[in-house]
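Bear in mind these aren't lab numbers, they're just calculated from the coordinates by the rules spelled out. Computed from a prediction, not measured in an experiment: that's the story for all the values here. Heads up, the Cβs are rebuilt from the backbone with ideal geometry, glycines too, and the neighbour counts pull from every protein chain shown.
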Amino acid sequence: MKQMLPLFATQYGRPPPSRLDMPLSLQHAMILQSAPSHLLQPHAVALPTTTKSPGAPSQTGTSAQPRRVVDRAVQVQIVEDLPRVQQLLRQLVEQPGRFEVTGIDDTEHEAFQRSQSQPPDALVVDLNLRQGSGLGLIHAVRKLYGASPTGPLVIVVTNHTMPVLEAACIKAGADHFLDKSRELPRLAALLNQAFFP
């Protein structure tokens with residue numbers, strides 16, 4: 001049986017390093033650091049800028065205009081592998097008439113397929129998934145939308161808050177980077193700021 005490579009690996013024509021003791025998202029971050037710059041230009045409207053000061057919670061933001069969705073709820077796709085956390089994220093995100101969770105996926109491939117068939121307004125992504133990585137998904141989604149201002153808002157939620165991962169997520173096109181163990185309560189506020197300023 002042929003093993004399926006994560007989407008991220010196929011974009012560079014080679015699989016990520018096969019270090020079993022290293023999370024796939026960290027492997028992807030290492031590849032991104034050494035990738036040619038022309039492969040790392042998938043951002044929609046504007047490149048994110050770090051707003052973190054020493055000792056402050058992790059976050060990033062873009063200089064893009066606020067996103068506006070009219071006449072319907074903002075559609076949010078959640079990408080997380082743990083069922084307990086999936087439900088917690090759903091509870092934090094859903095607000096009747098404002099935010100609706102349109103899908104929950106636990107692999108990079110499933111999440112990318114859904115983002116193509118049901119384009120979300122916002123994507124809440126964990127980095128470690130059952131298959132593939134959230135970092136690979138972010139890069140693939142940003143590449144899909146190119147310079148289009150209609151690309152989704154991307155919020156990373158992870159327990160792996162190493163600076164190299166945060167930098168790789170920003171480079172790949174994440175709008176915000178949250179520490180899952182401390183900053184989940186900020187998720188709803190970030191969504192509201194982006195879509196209902």
>> Full-extension gain between Phe196 and Met162, please, as 0.36 nm times their residue separation minus the C-alpha to C-alpha distance.
In response: 9.2 nm
> Which of the trypsin sites (Lys or Arg not before Pro) found in the range 107-197 are loop residues per DSSP with 14 or fewer other Cβ atoms within 10 Å of their Cβ?
Replying inline: Arg130, Arg182
>> Modelling each spin label as a point 7 Å along the Cα-to-Cβ direction, I'd like the Glu100/Leu82 distance in nm, to one decimal.
In response: 2.9
> P(r) tail for the range 81-143, what percent of Cα pairs lie past 20 Å?
Replying inline: 24
